[in-house]
Amino acid sequence: MIRTAAILFRKDVLVEARTRESLTAMGLFSVMAFVLFHFGLDRDSIEGSLAAGVLWVTLLLATVLAVTRLFVAERDQGGFELILLAPIDRTAVFLGKAATLLAFLVAVEVVALPAFDILLLRGHAAGRDAGAAGGRGPGRHRTGRCGGAGGRAGG
């Protein structure tokens, strides 16, 4: 059963490596959700249960996106019926798909967690530092900043 699950896992990972549809969609969705939360909440940073809720909701919806894409490709090409007709244990199919989903989720978290940290947890530390050192520059407002070192040094 484990061998069959590993074969199905390998197949799904190879298909994703060729097409790069699910991981790209999940990563872009996660980053865009964090950007929307960043501007929608209108705060410099978030913490506590609000931060946990934003992270969990975003990752949960990205996972739903991955589950859909994982099974739609199989169904559209008729592969899912062939897998179910094969003389293998259905638990192996479940384990293979679950392992693939876990791998996709870990890969997306590599992109999503730094974006979450930058956009929502750290806030505008440069703006707070500039405020402590003499105030914000006249062109700076609360929710925006120029990126990179130039934005931090420019005030």
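If you filter the stretch 20-30 down to residues that are assigned to a helix (DSSP H, G or I) and touching a residue at least 24 places away in the same chain (Cβ under 8 Å), you find that the one that is surrounded by the fewest Cβ atoms within 10 Å (Cβ to Cβ) is 25. Within the stretch 31-60, being closer than 29 Å to residue 17 by Cβ and surrounded by 14 or more Cβ atoms within 10 Å (Cβ to Cβ) holds for 31, 33, 34, 55, 58, 59. When 64, 13 are screened for being within 12 Å of the chain's Cα centre (by Cα), aliphatic (A, V, I, L, M) and at pLDDT 90 or above, only 64 passes.
All conditions but one from (1) part of a helix (DSSP H, G or I); (2) under 17 Å from residue 121 (Cβ atoms); (3) touching a Gly at 6+ places or on another chain (Cβ under 9 Å) apply to residue 43; the one that does not is (1).
The values are calculated or read from the model by the stated rules, or taken from the named source; none is laboratory data. Worth saying up front: this structure is predicted, and the values here are computed from it rather than measured. Every residue, glycine as well, gets a Cβ built from its backbone with ideal geometry; the counts of neighbours run over all protein chains shown.
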